[in-house]
Amino acid sequence: MKHREAVLDVPKRKSLSIVVVVLLVACGGCGGKYKTYKVTGQVTLRDGTPVSGVRVTFDRSDHKMSATARTDTEGRFELTTLDTDDGAPTGTYDVMITVPQMRDPDKPAPTLFHPKYSDPRTSGLQFEVGEQSAHFEIVLDPPPPRG
């Protein structure tokens with residue numbers, strides 16, 4: 001009796017293996033639902049000074065995807081969506097630039113640029129990512145005068 005059950009299990013195992021292989025092949029692109037394209041850029045102030053250490057966020061207008069980066073000492077960035085520096089899927093993106101929170105809450109973050117850039121609805125920054133690599137120059141206004 002045990003021998004007979006083992007014989008019946010072999011075809012079941014083969015069928016299960018075939019189903020698993022078919023699912024893996026069919027879902028080969030499941031993790032890569034969004035094809036990304038390399039997106040680089042540089043953030044500077046109007047006077048040409050690079051803005052370093054800020055977060056650049058590209059929020060797709062349909063709100064289904066966003067990509068982020070942090071600028072280096074030269075203000076340069078490379079967007080990440082799913083994997084480091086993989087870029088962004090195609091689409092229209094509203095962009096915001098924010099200063100990361102300081103570790104010491106008693107020391108407020110310096111005001112490097114106009115606060116309108118901290119919200120994608122008010123930043124006035126919008127870019128289109130197409131089916132090729134792209135480079136965007138982002139030039140920021142200074143903060144408003146204190147008064």
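Calculate the tail of P(r) for region 39-140: the fraction of all Cα-Cα distances greater than 16 Å, expressed in %.
When all Cα pairs of region 39-140 are counted, 55 percent exceed 16 Å.
Would you list R76, R146 from fewest to most Cβ contacts within 10 Å?
Least crowded to most crowded, the residues run R146, R76.
How much length, in nm to one decimal, is gained on full extension between S61 and D119, taken as 0.36 nm per residue of separation minus their Cα-Cα distance?
Stretched out fully, the S61 to D119 stretch lengthens by 19.6 nm.
May I ask you to derive the FRET efficiency for T84 and K33 from their Cβ-Cβ distance with R0 = 25 Å, giving the value to the nearest 0.05?
My answer for the efficiency is 0.85.
We did not get these values from a lab; they are worked out from the coordinates using the rules stated. Only a predicted model underlies this, so the values are computations on that prediction, with no experimental measurement involved. Virtual Cβ from ideal backbone geometry, glycine too; neighbours counted across all protein chains shown.
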